[in-house]
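> Let me give you the structure first, and then I'll get to my questions.
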There are 6 protein chains.
Amino acid sequence: MAEPEVGLDTMARFLGDANVEGSRAYLNQLDPELHRYITDFVYGQVYAGDVLDPKTRALCTVAMLACTGQQLQLGVYVRSARRQGASEEEIREVLRQVAVYAGFPSAWNALATTKRALADFDEGAS
Amino acid sequence: MAEPEVGLDTMARFLGDANVEGSRAYLNQLDPELHRYITDFVYGQVYAGDVLDPKTRALCTVAMLACTGQQLQLGVYVRSARRQGASEEEIREVLRQVAVYAGFPSAWNALATTKRALADFDEGAS
Amino acid sequence: MAEPEVGLDTMARFLGDANVEGSRAYLNQLDPELHRYITDFVYGQVYAGDVLDPKTRALCTVAMLACTGQQLQLGVYVRSARRQGASEEEIREVLRQVAVYAGFPSAWNALATTKRALADFDEGAS
Amino acid sequence: MAEPEVGLDTMARFLGDANVEGSRAYLNQLDPELHRYITDFVYGQVYAGDVLDPKTRALCTVAMLACTGQQLQLGVYVRSARRQGASEEEIREVLRQVAVYAGFPSAWNALATTKRALADFDEGAS
Amino acid sequence: MAEPEVGLDTMARFLGDANVEGSRAYLNQLDPELHRYITDFVYGQVYAGDVLDPKTRALCTVAMLACTGQQLQLGVYVRSARRQGASEEEIREVLRQVAVYAGFPSAWNALATTKRALADFDEGAS
Amino acid sequence: MAEPEVGLDTMARFLGDANVEGSRAYLNQLDPELHRYITDFVYGQVYAGDVLDPKTRALCTVAMLACTGQQLQLGVYVRSARRQGASEEEIREVLRQVAVYAGFPSAWNALATTKRALADFDEGAS
């Protein structure tokens, strides 16, 4: 498989088939180069490896986004973690631990984002 | 089991039996209250839950410490992740992903810390 | 006094008697475990000590939340600092100093949060 | 020229003549001391130097604000960079590079801020 | 008093008379402009106000430097806080609270810096 | 030119011909995958664009690394900025401005790193 195809495939696995087109359209209007970096490098290279199982990888992404306070992207990856088989309680357990490493407000904000992201998710279930 | 005992037990699981006494002596001379918070709250409460399997938990800790640039504690948890069954390659895969969320210098520094921490670990194997 | 009671007592001192029930209900729907950590550890342990006078402690909290850019929690603690006897001018002086240590945008954002938090506070005066 | 005049002059160059009065009124109601620091120190001292050409200086400001995630001030300086002669494409190239040093979410958020800031700017052209 | 004199006076109060000359020589060889900013703006303006008592101000500085992980400057201000009348135990209480807002590793690192800074201080007592 | 060749070429321009082999050997022993990401993505994609002139790009990199406190990589890019034609005084002017956006300790640390990096550079002149 050529690199861009690997990227789209991996993106579909983590973001959900139904969300790839919308995500790409959003990124493309934001910046076509950033879109290309995300497709080819982030999904085509970094996420494409099979050393980590996808559920562990998505939970580590959740941990990273909570520690850096990136709520928009955290919402996306909380849903991705559910899609890879993580339970809501496992996600919450990762976020409680954020209190230890990045402080209670970071954990609190991340849990608020998670609550919103999963309310929609359980309704939409995509 | 009373709370302090749960904490010491959990600490032993994550830091290795042989390292508990030394870690506690170090923390105690640093600050007896911080020592107590770490034993009773961090290990007695946060780490004591069984929702996450210990390997996933340790890899999420590695992700958090790499994103916050805490090299001293990262060295400790890279060894802890190995102790919980994560391979060196799995740890490295988490840290490569740090480049995506916290930038390349954070990934680079974390991989340098990991190399040093595991060089000692494979010799000492504790 | 048992630990949970110490926590609730200390919470009432810092957040205001009238706000304890609402804060706890909010935290509980967010995450019952985080709620428990905040009651038992943050207020039952860390804030319960009497080494620092409450006004100095609240001003240090304001300093920490402004430097970490946590606007939601900063609004809560700006009101708490007023409740412990800090004048609005003292709070502003702490936040001006944030410009020196975390940059002008952090000071600016914190002063905007403070203005909003105290507008409500002087009306409601709780 | 006395120091406050240098500051106002420099502020006008970077923020646009038409925006000085509004910016000062905003800062003054936020905090008169912070207002004075920004006029006398930030613009009267730091920005007043002529070692860096204004376009390079404004692009470096854009880089700094994107890395620290300060969206409000970033919007102001994206317009300032345009005013100093930077093309939209040059600004975007700086922000793509933010992905390398502060992670993809920081680059993404900064590009979203830029899109909004320049949509208004090209209409208003001030 | 002219502004530069206010700055040197305030610097002497916070850093200790005996340390002013050495600090200024260090800053001057680092960068003469940064030296001037620190004398005229940081000490001549921000620290010169009398709204906050010097002990509270120094403890807030300690809080800010611990949250931003700036160990070099933290060592200087831990000594400054002692000079303004804060006890070692009060400083430690501020730093324990850092665990709540910026995570345990930040508190831990700050307590290690404090231990070193005060070991020298109690010997030298300047 | 194929992508890896573009990457090596761009790397040579920014790091200096004489330093490419050493840098690659260092990165390769650190982590072969990170090495590949840096060659193919960072230099082969992000730095390879010609929208920004290399001097402006290197100064923006200096700004980013100073704001994120990455001293090791900052030393490398201070030298790179000199190689692209930035004067030492231009670099210092960027770093003084870091005081405004990320606080004085970040500016101070970056100027100390710069002093060390350029002391070697002017001797070695590579």
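> Of the numbered conditions (1) more than 25 Å from residue A:35 (Cβ to Cβ); (2) modelled with pLDDT of 95 or more; (3) more than 7 Å from every other protein chain (Cβ to nearest Cβ), residue D:31 fails exactly one; give the number of that condition.
Going through (1) more than 25 Å from residue A:35 (Cβ to Cβ); (2) modelled with pLDDT of 95 or more; (3) more than 7 Å from every other protein chain (Cβ to nearest Cβ) one by one, residue D:31 breaks only (3).
> Check whether at least one residue in region D:99-109 is within 15 Å of the chain's Cα centre (by Cα) and either facing another protein chain (nearest Cβ under 9 Å) or closer than 13 Å to residue A:30 by Cα (or both), and report yes or no.
no
> I need the full set of residues from region A:15-58 which are in contact with a Cys (Cβ under 9 Å, 6 or more places away or on another chain) and of a type outside the set (S, T, N, Q), in order please.
A:52
> I'd like to know if region C:94-111 contains one or more residues that are assigned to a helix (DSSP H, G or I), over 29 Å from residue B:33 (Cβ atoms) and polar (S, T, N, Q).
So far as region C:94-111 goes, yes, one or more of its residues are assigned to a helix (DSSP H, G or I), over 29 Å from residue B:33 (Cβ atoms) and polar (S, T, N, Q).
> Got a sec? Which of A:65, A:59, A:52 is part of a loop (DSSP other than H, G, I, E, B) and within 8 Å of another protein chain (Cβ to nearest Cβ)?
Testing whether each residue is part of a loop (DSSP other than H, G, I, E, B) and within 8 Å of another protein chain (Cβ to nearest Cβ) leaves just A:52.
> If you don't mind, there's one more thing I want to ask. Would you confirm whether or not region E:89-104 contains a residue that is surrounded by fewer than 18 Cβ atoms within 10 Å (Cβ to Cβ) and closer than 28 Å to residue C:73 by Cα?
Checked region E:89-104: at least one residue is surrounded by fewer than 18 Cβ atoms within 10 Å (Cβ to Cβ) and closer than 28 Å to residue C:73 by Cα.
> Next up: Would you call residue A:36 part of a helix (DSSP H, G or I), under 27 Å from residue F:31 (Cβ atoms) and in contact with a Pro (Cβ under 8 Å, 6 or more places away or on another chain)?
No.
> Further question: Tell me, please, whether a residue that is assigned to a loop (DSSP other than H, G, I, E, B) and within 24 Å of residue A:47 (Cβ to Cβ) can be found in region B:13-24.
The answer is no; no qualifying residue exists.
> Every residue in region D:99-114 that is within 13 Å of residue D:67 (Cβ to Cβ) and either among the aliphatic types (A, V, I, L, M) or at pLDDT below 95 (or both), please.
Scanning region D:99-114 gives D:99, D:100, D:102, D:107, D:110.
> While we're here: Here is a list: D:119, D:107. Which entry is in contact with a helix residue (DSSP H, G or I) (Cβ under 9 Å, 6 or more places away or on another chain) and not aromatic (Phe, Trp, Tyr)?
On inspection, the qualifying residue turns out to be D:107.
> Condition test on residue C:103, is it in contact (Cβ under 8 Å) with a residue 40 or more places away in the chain, within 18 Å of residue F:102 (Cβ to Cβ) and of a type outside the set (S, T, N, Q)?
So residue C:103 does not fit the description; no.
> Collect the residues in region D:67-76 that are more than 18 Å from residue F:107 (Cβ to Cβ) and open to solvent by less than 30 Å² (accessible area, probe 1.4 Å), keeping them in residue-number order.
Passing the criteria: D:74, D:75.
> So, one more: Filter region A:105-126 for residues that are of a type outside the set (A, V, I, L, M, F, W, C), more than 26 Å from residue A:13 (Cβ to Cβ) and open to solvent by less than 10 Å² (accessible area, probe 1.4 Å) and give the result.
Matches in region A:105-126: A:105 only.
> Does residue E:43 fit the bill of being hydroxyl-bearing (Ser, Thr, Tyr) and out of contact with any Leu (no Cβ under 8 Å at 6 or more places or on another chain)?
No: the conditions fail for residue E:43.
> Given the conditions (1) assigned to a loop (DSSP other than H, G, I, E, B); (2) open to solvent by 10 Å² or more (accessible area, probe 1.4 Å), and given that residue C:86 satisfies all but one, which numbered condition is not satisfied?
(2)
> Report yes if some residue within region C:90-112 is of a type in the set (S, T, N, Q) and closer than 22 Å to residue C:18 by Cβ; otherwise report no.
Among the residues of region C:90-112, not one is of a type in the set (S, T, N, Q) and closer than 22 Å to residue C:18 by Cβ, which makes the answer no.
> Please go through region C:16-60 and give me each residue that is open to solvent by 20 Å² or more (accessible area, probe 1.4 Å) and in contact (Cβ under 8 Å) with a residue 60 or more places away in the chain, ordered by number.
Matches in region C:16-60: C:18, C:19.
The values are calculated or read from the model by the stated rules, or taken from the named source; none is laboratory data. No experiment lies behind these values; they were computed from the predicted model shown. So basically every Cβ, Gly included, is an ideal-geometry build from the backbone, and we count neighbours across all protein chains shown. Keep in mind that these areas ignore ligands, DNA and RNA; they rest on the heavy atoms of the full protein, side chains included. Shrake-Rupley method; radii C 1.70, N 1.55, O 1.52, S 1.80 Å.
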